Amino acid sequence: MWKRKEVIGGQTLYLGDCLEVMPQLGRFNAVVTDPPFEAQAHSAMIRTQKSAKSGEAIELGFGAITEGLRSFIPEWAAANCSGWMLAFCQVEGVAAWRDSMERAGLKYKRGMVWVKPDSSPQFNGQMPAQGFECIASAWCGNGHSRWNGGGRRGVFTHNTNQPDRHGLHPTEKPNPLMREILGLFTDPGNQVIDPFMGSGTTLVACQRLGRNGTGIELDPEYFEIACRRVDEATRQKDLFVAPDAPPKAEQGNFF
Ligand SMILES: C[S@@+](CC[C@H](N)C(=O)[O-])C[C@H]1O[C@@H](n2cnc3c(N)ncnc32)[C@H](O)[C@@H]1O
């Protein structure tokens, strides 16, 4: 069960473990989520933050993804979701997400990328810095998959440090990135679930685009931050902003 439930605007937020909360919920059009990193990337992130600040290791406040969670979410989606499941992950995690999606009976589609032009440099200079994250995608519904992007590429370019960044969660996603993704993979009025809500960026984008989001978060502090951010989003004037326009196709490069 959940410890708290808040309904704010068109969004529903649960404080609890997604393993316990999701079996209590109904059907959804899409799962759009940013789960904890792979164990290796999780400890690498702590190391990077430590060397960047040349001091203490940062406290992420949550552990790496477990195989139990990685299996549970696609299995739940196979039974309860009619559209897309999208899961952010490191490039090292795409194959593991593909395998768990296929084991659950979802139709794995492809890995996409979020390019971060402002990502941190490699401070020790021993290898290239990491400048992107991946998004594993699968279709949960019947028939052919469909999205609102036509033939465009699954490449999304957004700075991490946006002017409206809250900075209260170590892995906060940029608002324009989540708006673009939700605009492409969901439709107005859709029911969207984010089982690893963090500070609530998916629900903020849902509120701004007219989707009904449901978010679940284990950590009470992040849950409070998510509630505050969704509440702020309900009071913004341009409530239903159009999804960001896709960039024009490049000419003459078909490779
Ligand atoms: C990568 S962060 C998500 C960040 C989010 N996209 C944002 O913009 O703030 C993953 C979150 O999942 C939460 N989490 C981890 N295991 C969970 C579980 N079993 N149920 C619910 N939330 C969980 C963590 O506390 C963490 O805040």
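Would you please list the contacts, defined by Cβ atoms under 9 Å and residues six or more apart or on different chains, that run from a residue in region 10-32 that is more than 19 Å from D219 (Cα to Cα) and surrounded by fewer than 19 Cβ atoms within 10 Å (Cβ to Cβ) to a residue that is at pLDDT below 95 and among the hydrophobic types (A, V, I, L, M, F, W, C)? Final answer for the pair search is Q24/M1.
The residue pairs whose first member lies in region 171-185 and is touching a residue at least 12 places away in the same chain (Cβ under 8 Å), whose second member is part of a helix (DSSP H, G or I) and within 9 Å of the ligand (Cβ to nearest atom), and whose beta carbons are closer than 7 Å, counting only pairs six or more residues apart or on different chains, are E172/T201; K173/T201; N175/T201; N175/V204; M178/T201; M178/T202. Filtering Q130, Q162 for residues that are over 14 Å from the mean Cα position of the chain (by Cα), modelled with pLDDT under 95 and either β-branched (V, I, T) or under 25 Å from R70 (Cα atoms) (or both) leaves a single hit, Q130.
On the stretch given as region 171-182, residues that are in a loop (DSSP other than H, G, I, E, B) and within 8 Å of the ligand (Cβ to nearest atom) total 3.
For region 133-170, taking the residues that are outside any loop (DSSP other than H, G, I, E, B) and crowded, with 16+ Cβ neighbours inside 10 Å, the one that is nearest to the ligand (Cβ to nearest atom) is identified as E133. For the condition among the polar types (S, T, N, Q) and within 15 Å of the chain's Cα centre (by Cα), Q90 qualifies.
Among the residues of region 183-192, the ones that are touching a helix residue (DSSP H, G or I) at 6+ places or on another chain (Cβ under 9 Å) and in a loop (DSSP other than H, G, I, E, B) come to 3 in all.
Being within 6 Å of the ligand (Cβ to nearest atom), in contact with a strand residue (DSSP E or B) (Cβ under 8 Å, 6 or more places away or on another chain) and not aliphatic (A, V, I, L, M) holds for only one residue in F185, F196, F223, and it is F196.
The values are calculated or read from the model by the stated rules, or taken from the named source; none is laboratory data. As the structure is a prediction and not an experimental result, all values here were calculated from the model. No Cβ is skipped: glycine too gets one built from the backbone with ideal geometry, and neighbour counts run over all protein chains shown.
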